[in-house]
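For reference, the structure is listed below as structure tokens.
The values are calculated or read from the model by the stated rules, or taken from the named source; none is laboratory data. These numbers come from a predicted model, not from an experiment. With ideal geometry, Cβ positions are generated from the backbone for all residues, glycine too; neighbour counts draw on all protein chains shown.
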Amino acid sequence: MTSTPSARAVQQYAGTTGNLTARIALHSYGTNPQDWFAWLAARLPAAGEVLEAGAGTGKLWTQVAHDRLRLTLTDFSPAMCAQLATVPGARVVRCDASGLPFAEAGFDTVIANHMLYHVDDPLAALREFARVLRPGGRVAVATNGRHHLAELDEVGAAIGRGDLGQWRFQNDFSAETGPGLVGQVFRDVRVERYPCDLRVPAAAPVLAYLESMAAGPLSAPERSAVQDIVQARIAADGVFRVRKHTVLITAVR
Ligand SMILES: C[S@@+](CC[C@H](N)C(=O)[O-])C[C@H]1O[C@@H](n2cnc3c(N)ncnc32)[C@H](O)[C@@H]1O
């Protein structure tokens, strides 16, 4: 059992892209016809020197034309960096977000999409983002609220797997606390909520999500219990409803 945000992130991401890919797949059941990555991309600059820290599988850039950007993609995970190397035109650098191997003031934009809650000291990472941004450059940080996907945490708890709860191994960089932390390092902080919830039509995507949190298969009785809970909700409501709370925090160096 891991005990710090960074140790949990290593366990989840260092050797595989599979856990992240399974979780991204669940969001295909979103109620917003514009998916998260398209919504985010519409709020990012179309040109300039851009750094994404903790870029994961690079999903953002597979959906977005980035031919006018000079793109640097970083992640601390060897598995993620191998995947990032397939993004056309991108420079890929494996490094920790809290110690970027780049000169001061070299970037126009730094993006941290759903990654600051994985670092042990998010304020230190934000200071590092400020260091590599030029004066007037922008940071774009996405994170979730405390009740984001609460229904999935509740399913985990109901089958005796409260350890799968999303906040258990994350720091408190959330929609509630993030703007204040960003404001300690940057000016002109703005927050925009992505309007979307999930309407999941079957138990399988919920199982896949919970197994990604467990980084392995649930037991047969656990799987059966998840299926019973989700199927009962679908029988009652037509779908399994899951609340989302995701925000984009932008600010200026
Ligand atoms: C939830 S995933 C998000 C990936 C991507 N930004 C996206 O939204 O699809 C978090 C990513 O941050 C990376 N990560 C976690 N802690 C990190 C750190 N301290 N430095 C760099 N990358 C980190 C993980 O390897 C993982 O790829």
Legend entry - First in the range 98-117 and among the charged types (D, E, K, R), second anywhere and surrounded by fewer than 22 Cβ atoms within 10 Å (Cβ to Cβ) and in a strand (DSSP E or B), Cβ under 6 Å, 6 or more apart: D108/G48; D108/E49
Inset, instruction - Please indicate, with yes or no, whether at least one residue in the range 17-26 is of a type in the set (S, T, N, Q), touching a Lys or Arg at 6+ places or on another chain (Cβ under 9 Å) and within 10 Å of the ligand (Cβ to nearest atom). - result: yes
Inset, instruction - Output the number of residues of the range 41-92 satisfying the condition of being on the phi < 0 side of the Ramachandran plot, surrounded by 15 or more Cβ atoms within 10 Å (Cβ to Cβ) and within 14 Å of the ligand (Cβ to nearest atom). - result: 27
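With V252, V189, V206, V141 as the choices, which residue is in contact (Cβ under 8 Å) with a residue 40 or more places away in the chain and out of contact with any helix residue (DSSP H, G or I) (no Cβ under 8 Å at 6 or more places or on another chain)? Steps first, please.
Details: V189 fails: out of contact with any helix residue (DSSP H, G or I) (no Cβ under 8 Å at 6 or more places or on another chain); V206 fails: out of contact with any helix residue (DSSP H, G or I) (no Cβ under 8 Å at 6 or more places or on another chain); V141 fails: out of contact with any helix residue (DSSP H, G or I) (no Cβ under 8 Å at 6 or more places or on another chain).
None of the others qualify; the one that does is V252.
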Legend entry - Long-range neighbours under 9 Å by Cβ, at least six apart or interchain, first residue under 13 Å from A214 (Cα atoms) and in contact (Cβ under 8 Å) with a residue 60 or more places away in the chain within the range 4-16, second of a type in the set (A, V, I, L, M, F, W, C) and within 10 Å of the ligand (Cβ to nearest atom): A9/F76; A9/M115; A9/V119; Q12/L20; Y13/L20; Y13/F76; Y13/A79; Y13/M80
Inset, instruction - Consider only pairs whose beta carbons are under 6 Å apart and that are at least six residues apart or on different chains; among these, list those whose first residue lies in the range 69-94 and is among the small types (G, A, S) and whose second residue is at pLDDT 95 or above. - result: A85/V92; A90/L71; A90/L73
Inset, instruction - Counting only residues that are in contact with a Pro (Cβ under 8 Å, 6 or more places away or on another chain), give me the helices (runs of 4 or more DSSP H) lying completely in the range 1-98 with at least 2 of them. - result: 18-26
Inset, instruction - Looking for whichever is in contact with a Leu (Cβ under 8 Å, 6 or more places away or on another chain) and acidic (D, E) here; the options are E128, E176. Which one fits? - result: E128
Legend entry - Any helices (runs of 4 or more DSSP H) falling wholly within the range 99-188 and containing at least 2 residues that are away from the ligand (no atom under 16 Å from the Cβ) and surrounded by fewer than 19 Cβ atoms within 10 Å (Cβ to Cβ): 150-158, 178-183
